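One structure is given here, and the rest of the page talks about it.
The values are calculated or read from the model by the stated rules, or taken from the named source; none is laboratory data. Here the structure is a predicted model, which means the values were calculated and not measured. Cβ placement follows ideal geometry from the backbone for every residue including glycine, while neighbour counts extend to all protein chains displayed. Protein only, heavy atoms only, side chains kept; ligands, DNA and RNA dropped before computing areas. Shrake-Rupley method; radii C 1.70, N 1.55, O 1.52, S 1.80 Å.
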Amino acid sequence: MPTERTTTAMSVSTALISVDVAAFRIHEGALQVLTRLPDAQTTTVQAALPAGRIQPELDRELDDAARRQIHTLINAEPGYLEQVISIGNHHRDSRGWSLTVVYCALLSADLTMTDSPLARWYDIQDGSPLCALSYDHAELVEEAIRRLQSKIQYTTIPLYLLPELFTLADIRDVFRIILGKAPPMRSIRNRFLAGNLLEDSGQKRRGSNRPASLYRLADRNCTRLFNRLYHTTQTG
């Protein structure tokens, strides 16, 4: 007769437990999400998010599993990684009852990435990917984008989508790309030049207007909170 411990383990194993990652970058003025194209190993005919089961021998914690899914497609490390939501039900996966922990990952615009032949980046428009995705992955992307649209207004996370060196106008462009609107340069300057968030590189970007100072993030492991920029979007 199986022990209570064995019975519990068997019941837990009946659910498919996975990690799904919505990894974003900004490329040529558009927000893009990383997907995996179908191949002979998969049963789907549409692209899907980087996703897979947790492997206890490889993943000491959930974040490790999320990073591993990204690394199966690109040899790059996300500058920012956050759990967004956990979803579980009997209908999201045709193979059976499925539970997934959904992550949002942000990658720098100037990363040199060697993509897998199965990796494909798709543009985001109006909060949704411009492609059909397998399972409920389009909904997962939309969940991650809603989190991104909210947190960009009161944290430093827009900086993680920028290249190593950037101007204040580049920060404003991240807001415009993600929210469809951007705060005035005065607000950008007051927020991001205060509190030693940025370091002046001493270099300038020269263009048709006067040269613009190039900055870098002083500490890439520091996420700071502010008052929300657009109070009309605040809930609660």
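Things worth noting here:
- Counted residues, region 75-91 - those being part of a loop (DSSP other than H, G, I, E, B) and surrounded by fewer than 18 Cβ atoms within 10 Å (Cβ to Cβ): 4
- Just one of the numbered conditions (1) open to solvent by 60 Å² or more (accessible area, probe 1.4 Å); (2) hydrophobic (A, V, I, L, M, F, W, C); (3) modelled with pLDDT of 95 or more is not true of I26: (1).
- Region 199-218, subset among the aliphatic types (A, V, I, L, M) and modelled with pLDDT of 95 or more, residue nearest to I145 (Cα to Cα): L214
- You will find that of S201, S187, the residue that is more than 22 Å from A30 (Cβ to Cβ), more than 16 Å from the chain's Cα centre (by Cα), in contact (Cβ under 8 Å) with a residue 24 or more places away in the chain and in a helix (DSSP H, G or I) is S187 and no other.
- For V174, the conditions (1) in contact with a Lys or Arg (Cβ under 9 Å, 6 or more places away or on another chain); (2) surrounded by 18 or more Cβ atoms within 10 Å (Cβ to Cβ) are fulfilled apart from (1).
- Exactly one residue out of F166, F175, F226, F192 is closer than 19 Å to P78 by Cβ and among the aromatic types (F, W, Y): that is F166.
- Failed condition for R146, given (1) open to solvent by 60 Å² or more (accessible area, probe 1.4 Å); (2) touching a Leu at 6+ places or on another chain (Cβ under 9 Å): (2)
- C131 meets all of the listed conditions (1) part of a loop (DSSP other than H, G, I, E, B); (2) under 25 Å from E164 (Cβ atoms); (3) touching a strand residue (DSSP E or B) at 6+ places or on another chain (Cβ under 7 Å) but one, namely (2).
- Which numbered condition R53 fails, given (1) under 24 Å from D126 (Cβ atoms); (2) surrounded by fewer than 14 Cβ atoms within 10 Å (Cβ to Cβ): (1)
- Selection count, region 149-168, where residues are part of a helix (DSSP H, G or I), open to solvent by 10 Å² or more (accessible area, probe 1.4 Å) and of a type outside the set (A, V, I, L, M): 3
- Answer residue from region 92-122, given it is assigned to a strand (DSSP E or B) and touching an Asp or Glu at 6+ places or on another chain (Cβ under 9 Å) and is farthest from I152 (Cα to Cα) among those: T100
- Filtered residues of region 119-139 (kept if more than 16 Å from the chain's Cα centre (by Cα) and either within 20 Å of I87 (Cβ to Cβ) or open to solvent by 40 Å² or more (accessible area, probe 1.4 Å) (or both)): D126, L130, A132, L133, S134, Y135, D136
- Subset of region 62-85 [over 18 Å from W121 (Cβ atoms) and either β-branched (V, I, T) or free of Cβ contacts under 8 Å to residues at least 12 places away in the same chain (or both)]: D64, V84, I85
- Taking region 126-145 as the range and being over 16 Å from D20 (Cα atoms) and without any contact (Cβ under 8 Å) to a residue 24 or more places away in the chain as the test, the residues that pass are D126, G127, S128, L130.
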